[in-house]
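Take a look at the structure below.
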Amino acid sequence: METEKFSYDNKIVKMFAYATILWGIVGMTVGLLIALQLVFPVLNFNFAYTTFGRIRPLHTNAVIFAFVGNGIFMGVYYSLQRLLKARMWNDTLSKINFWGWQLIIVAAALTLVLGFTTGKEYAELEWPIDIAIALIWVVFGLNMFMTIIKRRERHLYVAIWFYIATFVTVAVLHIVNSFEIPVSLFKSYSFYAGVQDALVQWWYGHNAVAFFLTTPYLGLMYYFIPKIANRPVYSYRLSIVHFWALIFLYIWAGPHHLLYTALPDWAQSLGTVFSIMLIAPSWGGMINGLLTLRGAWDRVRENPVLKFMVVAITCYGMSTFEGPMLSLKSVNAISHFTDWTIAHVHIGALGWNGLLTFGIIYFLIPKMFNTKLYSEKLANTHFWLATLGIIFYALPMYWAGLTQFGMWRQFTPEGFLAYPNFLETVTQLKPLYALRSFGGLLYLSGVFVMLYNVVKTVKAGNFVDNEAAEAPALSKDYTAHAGEGWHRWIERRPIQMLLFSLVLVSIGGLIEIVPTFLIKSNIPSIASVKPYTPLELQGRDIYIREGCNNCHSQMIRPFRFETERYGEYSKAGEFVYDHPFLWGSKRTGPDLHREGLKYPDSWHYNHMLDPESMSAGTIMPAYSWLHTSELDTSNTAAKINAMRTIGVPYPEGYDKIANADLVYQEQQIVKNLEKDKIQALPNTEIIALIAYLQRLGTDIKADKAQAQK
């Protein structure tokens, strides 16, 4: 058969590789800063745009969507062309994918720092950026599928199965979780509320880990490990089981983030069951990757690229064993809201995603520049800095998590909390936070070593932007071989593979999410729960803007040590007007769900102005600008109308008098402050925030008072 000559587009791969390195440095530098802020609060700089609450989501988004996101595109654009023996379908679409993604990253960085956020973890970006993400993702998918259709290889290799599942599932997750009602260009409210919002968010949040941080990287593993080791994948059959079992089971596991919360028990149990089952396909993939290197361990000892990949796969195995264990209720009771979870996610992010990305970069750059890596010694140095960095990061966080749980639950022989002041646990952890920062510094130092190594390699080589290749055209005539299984059939049909993947990943989500919307008994109503007043609504938006939910939960679990510390456990019906929900996932500070009326208004005023004056030794930053910043009430009517659109029962026409009610409540708080000799400026943001904090958890108190009457 006559061969066709064509070329691979290396230029787009190089662009994504450079972006991966750049955003990796940015994201990890911000991560180091927020780690240090928990040891030295002065590093918040008493400046609105550099507080922990604002830049923590900048760190997570930069690492996930900028560093790992560009790493995905880098690896997919390189491997896809070679697996299909075809250049990308459209170079212009490739460039739109690249520049569109970089603009999204810049827009995300600017808006998050400026306080424009939805408040939903890993989905903080506001609606215009959400739309842009969807459009660029479609551009990527179109380019990928058209390349698959014009391929010169009949059967799709296992890596491409994972790329297809990634594309379709991330699209579904992003679109469903991003339903929101715009108030303005940079403000929206989640379409869902309370328990429903929590379930949808963690269906998205867990599966963002599954289908953005895991499945595409498994595809890259299946391509690069055999390629670099020059050995076939250990087991084709195991790869089939791994793929289909993983994408079916993973989508059910989201509720394990919400154990012991107000989520219905049946949904929690489903999340736990499927999380446990995930061990099998996850470890099947790990074993398939590691056993591909059987007989090549001498090369692993000599080749720094393979070292990165072996440890990356090992970290994947550790994370995918630990995740199901953390979904057991008995273990989750210990780990949830503590730094144990922080250790867990960073084993995956720094180990699995980070090390595999570094290995791919060390492999690709010399290939594309037609030269040798400048220094294998420096690459080995980077490997050890990264590995030690992970150890110094994770071990202190595991210890911190166990310390937190131990102190939170400890009672005296007389039956009182041994550490009633939450701050006692915080000060105990500072040395561990310092060790964590040292680990982060080691890891980041390794990235700079890689940067130097890459720059020197690039300077020594000659870039091949259009790499020449040839292959026979794909014949239209094909006769199935005797005994060919069903999977060989679907490997020839990318559209059917996409549809089968879509069906499998939709089943779990539909079964878990739909009943919480349709069956009212899942969220029992509480008569005393009323919508937020206009001032409280404005204060809640300030709370979200400043990222307070990054450190404070609003979900009291039904444990004695929590109800003794915080008050009555949280009920599902209390959150029906919360758009979005703010249950939190980490307690750096105490839970705030019963904060309302616990302290006078003056305490909150002084606490936000100078936290140290009210809580000696605290690591909370000051929010002094709230005391002078004028509250913007021009959007109150728009906010009320948006809330009415999504079902909050404000009376018709209330938007026209909402600001009058706001001013009245504001005056009451100012008068309360005057009683404590505080001359607060009227119409300032601190007044609105106090109104919101004093409302938290008081509805259920009103319900009890009404019952007693």
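The values are calculated or read from the model by the stated rules, or taken from the named source; none is laboratory data. Predicted, not measured: the structure shown is a model, and the values here were computed from it. Glycine gets a Cβ as well: all are built from the backbone with ideal geometry, and neighbour counts include every protein chain shown.
Residues in the range 367-426 that are out of contact with any Gly (no Cβ under 8 Å at 6 or more places or on another chain) and β-branched (Val, Ile, Thr) were compared, and the one that is nearest to residue 451 (Cα to Cα) is 387.
Given the structure, is residue 250 crowded, with 18+ Cβ neighbours inside 10 Å and assigned by TED's automatic domain parsing to the domain that holds residue 80? Yes, satisfied. Against the conditions (1) more than 30 Å from residue 542 (Cβ to Cβ); (2) free of Cβ contacts under 8 Å to residues at least 40 places away in the same chain; (3) not β-branched (Val, Ile, Thr), residue 218 satisfies every one except (2). Within the set 131, 96, the sole residue that is in a helix (DSSP H, G or I), farther than 21 Å from residue 21 by Cβ and free of Cβ contacts under 8 Å to residues at least 12 places away in the same chain turns out to be 131. Checked against the criterion of being surrounded by 18 or more Cβ atoms within 10 Å (Cβ to Cβ), in contact (Cβ under 8 Å) with a residue 60 or more places away in the chain and over 25 Å from residue 218 (Cβ atoms), the range 349-360 has no qualifying residue.
For residue 544, the conditions (1) assigned to a helix (DSSP H, G or I); (2) over 22 Å from the mean Cα position of the chain (by Cα) all hold with the exception of (2). Restricted to the range 567-596, and to residues there that are aromatic (Phe, Trp, Tyr) and crowded, with 21+ Cβ neighbours inside 10 Å, the residue that is farthest from the chain's Cα centre (by Cα) is 575.
Restricting attention to the range 558-612 and to residues that are of a type in the set (A, V, I, L, M) and in a loop (DSSP other than H, G, I, E, B), the residue that is farthest from residue 198 (Cα to Cα) turns out to be 597. When the range 552-593 is filtered for residues that are polar (S, T, N, Q) and out of contact with any Lys or Arg (no Cβ under 7 Å at 6 or more places or on another chain), the ones remaining, listed by number, are 554, 563, 570, 585, 588.
The condition (being surrounded by fewer than 18 Cβ atoms within 10 Å (Cβ to Cβ), among the β-branched types (Val, Ile, Thr) and either within 24 Å of residue 189 (Cβ to Cβ) or without any contact (Cβ under 8 Å) to a residue 60 or more places away in the chain (or both)) is satisfied by just one residue among 657, 687, 678: 657. For residue 553, the conditions (1) in contact with a Leu (Cβ under 7 Å, 6 or more places away or on another chain); (2) surrounded by 18 or more Cβ atoms within 10 Å (Cβ to Cβ) all hold with the exception of (1).
Take residue 260 and decide whether it is under 22 Å from the mean Cα position of the chain (by Cα) and assigned to a helix (DSSP H, G or I). It is false that residue 260 is under 22 Å from the mean Cα position of the chain (by Cα) and assigned to a helix (DSSP H, G or I).
No other residue among 368, 397 is touching a residue at least 12 places away in the same chain (Cβ under 8 Å) and more than 23 Å from residue 444 (Cβ to Cβ) apart from 368.
If you go through the range 1-45 and keep only what is closer than 14 Å to residue 58 by Cα and among the hydroxyl-bearing types (Ser, Thr, Tyr), you end up with just 29. The number of residues in the range 285-298 that are surrounded by fewer than 16 Cβ atoms within 10 Å (Cβ to Cβ), in a helix (DSSP H, G or I) and either within 30 Å of the chain's Cα centre (by Cα) or of a type in the set (Lys, Arg) (or both) comes to 0. Checking 367, 372 one by one, the residue that is modelled with pLDDT of 95 or more and touching a Pro at 6+ places or on another chain (Cβ under 6 Å) is 372 and no other. Put simply, of 335, 319 the only residue that is assigned by TED's automatic domain parsing to the domain that holds residue 381, touching a Ser or Thr at 6+ places or on another chain (Cβ under 7 Å) and either closer than 23 Å to residue 392 by Cα or surrounded by 23 or more Cβ atoms within 10 Å (Cβ to Cβ) (or both) is 335.
Mind listing whichever residues of the range 1-53 are under 21 Å from residue 67 (Cβ atoms), β-branched (Val, Ile, Thr) and over 21 Å from the mean Cα position of the chain (by Cα)? Scanning the range 1-53 gives 12, 13. Annotation: of all residues in the range 230-247 being in contact (Cβ under 8 Å) with a residue 60 or more places away in the chain and buried (at least 21 other Cβ atoms within 10 Å of the Cβ), the one that is farthest from residue 283 (Cα to Cα) is 247. Summed over the range 400-414, residues that are surrounded by 16 or more Cβ atoms within 10 Å (Cβ to Cβ) and in contact (Cβ under 8 Å) with a residue 40 or more places away in the chain total 6. Output yes when any residue across the range 471-492 is crowded, with 16+ Cβ neighbours inside 10 Å and assigned to a strand (DSSP E or B), and no when none is. Yes, some residue in the range 471-492 is crowded, with 16+ Cβ neighbours inside 10 Å and assigned to a strand (DSSP E or B). Restricting the range 172-205 to residues that are of a type in the set (A, V, I, L, M, F, W, C) and not in a helix (DSSP H, G or I) leaves a set whose member that is surrounded by the fewest Cβ atoms within 10 Å (Cβ to Cβ) is 185. For the range 609-623, the criterion of being outside the structural domain of residue 330 (by TED's automatic domain parsing), of a type in the set (D, E, K, R) and either farther than 18 Å from residue 548 by Cα or touching a residue at least 12 places away in the same chain (Cβ under 8 Å) (or both) is met by at least one residue. The sole residue among 614, 608 that is aliphatic (A, V, I, L, M) and under 30 Å from the mean Cα position of the chain (by Cα) is 608. Do we have residue 616 as farther than 19 Å from residue 695 by Cα, outside any loop (DSSP other than H, G, I, E, B) and of a type in the set (Gly, Ala, Ser) here? No; evaluated as a whole, the condition is false for this residue. So residue 689 fits all but one of (1) aliphatic (A, V, I, L, M); (2) in contact with a Lys or Arg (Cβ under 9 Å, 6 or more places away or on another chain); (3) not in a helix (DSSP H, G or I); what number is the exception? So residue 689 meets the others, but not (3). Within the range 468-491, restricting attention to residues that are within 36 Å of the chain's Cα centre (by Cα) and in contact (Cβ under 8 Å) with a residue 12 or more places away in the chain, the residue that is farthest from residue 393 (Cα to Cα) is 488.
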